[in-house]
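A.B. asks: First, the structure itself, so that you have it in front of you.
None of the figures in this text is laboratory data; all of them are computed from the coordinates on show. Predicted, not measured: the structure shown is a model, and the values here were computed from it. Cβ sites come from the backbone with ideal geometry, for glycine too, and all protein chains shown count toward neighbours.
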Amino acid sequence: MNSALLNQIGLGSLDIAYFLIGFLVLILILFILNIVALVKLSKWKKKYESFMLGKNAKSMEKEIKNLFTDIEFLKNSVSSNKKEIRLIYRRLKTTYQKLGIVKYDAFNQMGGQLSFALALLDENNDGFVMNSVHSTDGSYCYTKVIQNGECELSLGDEEAKAIRMAMEEE
C-alpha cells in the first residue's frame with residue numbers, strides 16, 4: 001500500500017506495518033507510564049487525605065500558628081537552659097570536686113589507722129587539707145589552705161600524699 005504522505009517525506013518505500021507496530025509500542029509505553037503516574041497520584045492523594053483528615057483551611061491555619069508558637073517556646077526554653085547551664089558550670093568551678101584521703105596510724109600505738117589526712121580541691125586545685133590526728137590523749141584536727149595545688153605551710157607526708165591523690169583524680 002502506497003501513501004502520498006509517506007512519498008512526500010521520502011518514506012514511500014517503507015511498509016506501513018512498521019509504522020503500526022511502532023505506534024502500538026509507543027501506545028503501550030504511554031499506557032504503562034500512565035499507570036505508574038496513577039499509582040503515584042493515588043499515594044499522594046492518600047497522604048493528602050490523611051494530612052487533611054478532619055481539617056478545613058481555618059483549623060489548618062490555627063494548627064500551623066500553634067506549631068510556630070510551640071517553636072518559639074522551645075527557642076526561649078533552649079536560651080534559658082543555656083544561661084542556667086553556664087551559671088551551673090561557673091558555680092561548679094568553685095565547688096570541691098577532687099578528694100584525696102590517706103589513713104594512717106599517727107603514733108604506731110593505737111592500731112586501726114584512726115588518723116587521716118583529707119584533701120578537698122576545686123577545679124583550680126584550690127581548697128584545703130584537713131589532718132585529724134588520733135592519739136591516746138585525744139583527737140586533734142588541723143587544716144591548711146591549698147592554692148593552685150600548693151600550701152604555704154609545710155606539709156606532712158600524709159597531707160602531701162592526700163593532695164597528690166586529689167589532683168590526680170581528674
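A.B. asks: With θ set to phi - 60° and the Karplus curve 6.51 cos²θ - 1.76 cosθ + 1.60, what are the ³J(HN,Hα) couplings of region 134-146 in order, to the nearest whole Hz, using x for Gly and Pro?
C.D. replies: So the J values, rounded to whole Hz, are 10, 9, 5, 7, x, 10, 10, 10, 10, 10, 9, 7, 10.
A.B. asks: What does region 98-168 give for Rg and for Dmax, in Å, if only its C-alpha atoms count?
C.D. replies: Reported Rg and Dmax, both Å: 12.1, 38.
A.B. asks: Let me ask something additional. Which entry in (i) 17.6; (ii) 18.0; (iii) 25.4 matches Kirkwood radius over Cα pairs in Å derived from the coordinates of this structure?
C.D. replies: Given (i) 17.6; (ii) 18.0; (iii) 25.4, the structure-derived one carries the label (iii).
A.B. asks: Place +1 on the Cβ of every Lys and Arg and -1 on the Cβ of every Asp and Glu in region 89-170, take the dipole about the Cα centre, and give the residue among Gly149, Gly127, Thr94 whose Cα lies farthest towards its positive end.
C.D. replies: Thr94
A.B. asks: Continuing with the same structure: Let me spell out the model: positive unit charges on the Cβ of Lys and Arg, negative unit charges on the Cβ of Asp and Glu, origin at the Cα centre of region 21-170. What dipole size does that give, in debye rounded to 20? Mind dumping the intermediate values first?
C.D. replies: Working: 21 positive and 19 negative charges, 416 e Å.
That gives region 21-170 a dipole magnitude of about 2000 debye.
A.B. asks: Once fully extended, how much extra length lies between Ser154 and Ser3, figured as 0.36 nm per residue of separation less the alpha-carbon to alpha-carbon distance? Intermediate values should be presented prior to the final figure.
C.D. replies: Details: separation 151, 0.36 × 151 = 54.36 nm, distance 11.90 nm.
Between Ser154 and Ser3, full extension yields 42.5 nm more.
A.B. asks: Now a separate question. If you average over every viewing direction, what projected area does the convex hull of the Cα atoms of region 1-53 give, in nm²? Don't skip to the answer; put the middle values down first.
C.D. replies: Details: hull surface 20.7 nm².
With the hull built on Cα positions only, its mean projection is 5.2 nm².
A.B. asks: Taking the alpha-carbon centroid of each part, what is the distance from region 132-156 to region 38-97 in angstrom?
C.D. replies: Distance between centres, Cα-based: 56 Å.
A.B. asks: Once you put a point 7 Å from the Cα of Ser80 and another 7 Å from the Cα of Lys46, both along the Cβ direction, what distance in nm separates them?
C.D. replies: Going by the 7 Å Cα→Cβ label model, 4.3 nm.
A.B. asks: How large is ³J(HN,Hα) for each residue in region 70-76, as worked out from phi by the Karplus curve 6.51 cos²θ - 1.76 cosθ + 1.60 (θ = phi - 60°), to whole Hz, x for Gly and Pro?
C.D. replies: These are the phi-based 3J(HN,Hα) values: 4, 5, 5, 4, 5, 4, 5 Hz.
A.B. asks: Sticking with this one: Among all the lysines, which ones have a C-alpha under 27 Å from Lys62's C-alpha, if same-chain residues fewer than 8 places away are not counted?
C.D. replies: Leaving aside lysines fewer than 8 places away in the same chain, those within reach of Lys62 are Lys43, Lys45, Lys46, Lys47, Lys75.
A.B. asks: Order 141-147, 112-118, 42-48 from most to least packed using the mean count of other Cβ atoms within 10 Å.
C.D. replies: On the way: 141-147: 14.3, 112-118: 16.9, 42-48: 10.0.
Highest mean packing first, the order is 112-118, 141-147, 42-48.
A.B. asks: Work out how much length Met167 to Ala37 would gain on full extension: take 0.36 nm times their residue separation and subtract the Cα-Cα distance, in nm to one decimal.
C.D. replies: Values: separation 130, 0.36 × 130 = 46.80 nm, distance 7.03 nm.
So the chain would gain 39.8 nm between Met167 and Ala37.
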